[in-house]
Amino acid sequence: MSVQMPSRQSWRERWAGLFFVGPFLLLFAVFLLWPTVSGLWNSFFNTSLAGVDQEFLGLQNWREMFADSAVWSSLKNTLIFTAMSTPPLVVIALVMALLANRTGVLGWLLRFAYFAPFVLPATVVTLIWVWIYEPGFGLVNGLLTAGGFAEIDWLNTENRAMLAVVITTVWWTVGFNFLLYLAALQGIPEQVYEAADIDGASERQKLFRITLPLLRRTTALIAVLQLVASLKIFDQIYLMTNGGPNYATRPIIQYIYQNGFTNYRIGYASAISYMFFAIIVVVAVLQFKLFSGSKEDSA
Amino acid sequence: MRSTWTFPKVATAVGAAILGVIWLIPLLWALSTSLKPEPETTRSPITWLPEAPTADAYRSILEQGDLIRWFVNSSVVSVLVTVLTLLVSVLAAFGFSRTEFPGRRLIFGLVVAGILVPPQVLIVPLFQEMTGLGLVDTYWGIMLPQVVAPVMVFVLKKFFDGISRDYEDAARVDGASRWRIVWSVMVPMSRPILVAVGIFTFIGAWNNFLWPFIVTTDPSMMTIPVGLANVQGSYGLRYAQIMASALLGGLPLLIVYALFQRQVVRGVGDAGIKG
């Protein structure tokens, strides 16, 4: 179309697009690309936060990282958190969606109750839950002692602290998965159920023969999104247990944070960041494979 | 067709209501605590409801003023992040969807790859960069990294791709520039998705903890999530005050959600279908 236009015009035509993408690209380059590249660069130096006398170390940071037991234990904590939190965050969300898929006032109230915690900041959530877990007069221990059970110092006991964080996380974030399931449920055409009614299907049969099979793809999507989100755990643990007791809950991002901002070892923190980045990329690629592979059997 | 009350229906409604109450208990417990006089909060056995409700905790929090300061900071940051993200992302999505320029495909590929980079991985180099730019403890320092949302550019570009070109051709015949086409054709046609994207950007900016926590050291520059993180230490064990600040800190978004529930629910659905 524009072949015959004068050359001045076509020059403008060719470059006008950059005007639209320019502002975003500038910010993208400065606040995403550059730190991504400089992080990798730093991982080969013994950079400190002050930025003075950089010394090239080659792969020394990386070698140190693979030999550092704190890297492995915080990675293990991250994986334990992911393994403990993902199943309830998927299953409870599904149950909630099945229960709240209704119109009217009750539907509105249920959608409010189930999703409300999700809109709260991490700090609000953890202040409330630290108080709930408080020994002596917190809600949980208050109920335990009232029922004649022994108190548990949830956040200061090694094999209870992670469970406590998981319970808090499920309460806080399950609402998002709930809404994803709800949208999927509302996408199932009403006629499918009407046809089942004509065939005399019971509620139970409709649930197990129609609803759940049709939600299979949504479940896979939610599970993978949740997996990636859980791997990025930091806020709740930092705020509730500060990684304790005895580092039993410290996740990998907190270890990165400590190396960078407490020990001022930018180079070392960058190397660990990149290992974590690699894990996230692998999970994301698997996710892509999973979804591009399973498309045909769901349609 | 009148719906009849069969047993499964009643059981579902009751089960749903019970789960709803369980989900609200932590918030109600925080509310109850915040209305107690301090000595009652640490009494054993616990009392479910305050014996003599008082707003003392709220009064002393608000008199102290920190929370109000953080509220102002959070509002400025979240509103500006939302406006700037929408502006920059709409323009970029339009550019990638409707214009041609050298390297467009390659650059768009780079932007899509940027979706993969978790912000948590960037905290250390980004803080270094902010120190260099002198943006530590400033609104710009808190905001700018949050404005870069490649996933939003991706989602909007796909949406724009689906809008028929007939509309803009008609506008062009009427002499509209591309700039006009963005604002009077593309934006009005994508209002629902822009509202959804806007609400989620706002919630995300309001609740963001890690980055504002790292880039602010001056308490007067902190946002609500960051400021509240220090509350436990500074109030000691005054639980009624801690719960009052937590609830006041969470209230703005609870109100936003109550008002925009329909848009939020649909927005998550749209995001899920696209994801």
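Coordinate-derived values only; no laboratory data. Given the structure is predicted, the values throughout are model-derived calculations rather than measurements. Here the Cβ is made from the backbone with ideal geometry for all residues, glycine too, and neighbour counts use every protein chain on show.
For segment B:65-229, relative contact order (Cα pairs under 8 Å, six or more residues apart, normalised by length) works out to 45 percent.
Taken one residue at a time, the phi angles of segment A:149-154 give Karplus couplings (6.51, -1.76, 1.60, θ = phi - 60°) of 9, 7, 5, 10, 8, 3 Hz. Gly and Pro are set to x. Enter the angle in degrees (range 0 to 90, nearest 10) between the Cα long axis of helix B:261-274 and the first principal axis of the Cα atoms of chain B, meaning the one along which they spread out most. Between the helix axis and the principal axis of chain B, the angle is about 50 degrees.
Please state the shape class of segment B:5-145: rounded when a/c is under 1.5, otherwise prolate if a/b exceeds b/c and oblate if not, all from the C-alpha gyration tensor. Cα axes put segment B:5-145 in the oblate bin. With just the Cα atoms defining each centre, how far is segment A:227-259 from segment A:91-127? Give it in Å. The two parts, judged by their Cα centres, are 26 Å apart.
Residues considered: A:S48, A:S270, A:S202. Largest GNM mean-square fluctuation over chain A, using C-alpha springs under 10 Å, is found at A:S202. Quick check for you: which residues of segment B:74-117 have the amide N under 19 Å from the point 7 Å beyond the Cα of A:F19 toward its beta carbon? Residues passing the 19 Å test: B:87-104. Spatially, segment B:195-223 and segment A:166-222 are offset by 33 Å when compared through their Cα centroids. Considering helices alone, the calculated mean residue ellipticity of chain A at 222 nm is -21500 deg cm²/dmol, with DSSP H runs of length four and up weighted by -39500 (n - 2.57) and normalised per residue. Classify chain A from the C-alpha gyration tensor, please: rounded if a/c falls under 1.5, else prolate or oblate depending on whether a/b exceeds b/c. Cα axes put chain A in the oblate bin.
With springs only between Cα atoms under 10 Å, which of B:T201, B:T82, B:T138 fluctuates most in a Gaussian network model of chain B? Comparing B:T201, B:T82, B:T138 in a Gaussian network model of chain B, the most mobile one is B:T138. A crude spin-label estimate for the pair A:I210 and A:Q258, with each label 7 Å from Cα along the Cβ direction, gives 5.4 nm. At an R0 of 30 angstrom, the distance between the Cβ atoms of A:E203 and B:V21 translates into a FRET efficiency of 0.80. Projecting the Cα atoms of B:G65, B:I22, B:M221 onto the dipole axis of chain B, where Lys and Arg carry +1 and Asp and Glu carry -1 at the beta carbon, places B:I22 farthest toward the positive end. Once both labels are positioned 7 Å from their Cα atoms along Cα-to-Cβ, the gap between A:A284 and A:I80 label points is 2.8 nm.
Taking Cβ atoms as reference points and 14 Å as the exclusive limit, the residues near B:M186 contribute a net charge of +4, counting Lys and Arg as +1 and Asp and Glu as -1.
Averaged over peptide B:93-104, the number of partner chain Cβ atoms lying within 10 Å of each residue's Cβ comes to 5. Which of the three applies to the protein assembly as shown, rounded, prolate or oblate, going by the alpha-carbon gyration tensor with a ≥ b ≥ c and a/c under 1.5 meaning rounded? It comes out oblate by the Cα gyration axes. Given the pairs A:K76/B:K9; A:K76/A:K289; A:K206/B:K157; B:K9/B:K157, which span a C-alpha to C-alpha distance of over 32 angstrom in this model? Over 32 Å apart, Cα to Cα: A:K76/B:K9; A:K206/B:K157; B:K9/B:K157. For chain A, with a Gaussian network of springs between Cα atoms less than 10 Å apart, report the residue from A:P35, A:P251, A:P23 with the top mean-square fluctuation. Taking springs between Cα atoms under 10 Å, the residue moving most is A:P23. Legend: helices of chain A (whole DSSP H runs) are marked when their alpha-carbon atoms reach 24 angstrom or more along the helix axis and their mean Kyte-Doolittle hydropathy is at least 0.5; marked are A:69-100, A:158-186, A:266-293. Using 0.36 nm per residue and subtracting the Cα-Cα separation, the extra length available between A:F56 and A:I152 on full extension is 29.6 nm.
Once the C-beta distance of B:Q263 and A:A67 is scaled by a Förster radius of 56 Å, the resulting FRET efficiency is 0.65 to the nearest 0.05.
Per residue of A:195-205, other chain Cβ atoms within 10 Å of the residue Cβ number 1 on average.
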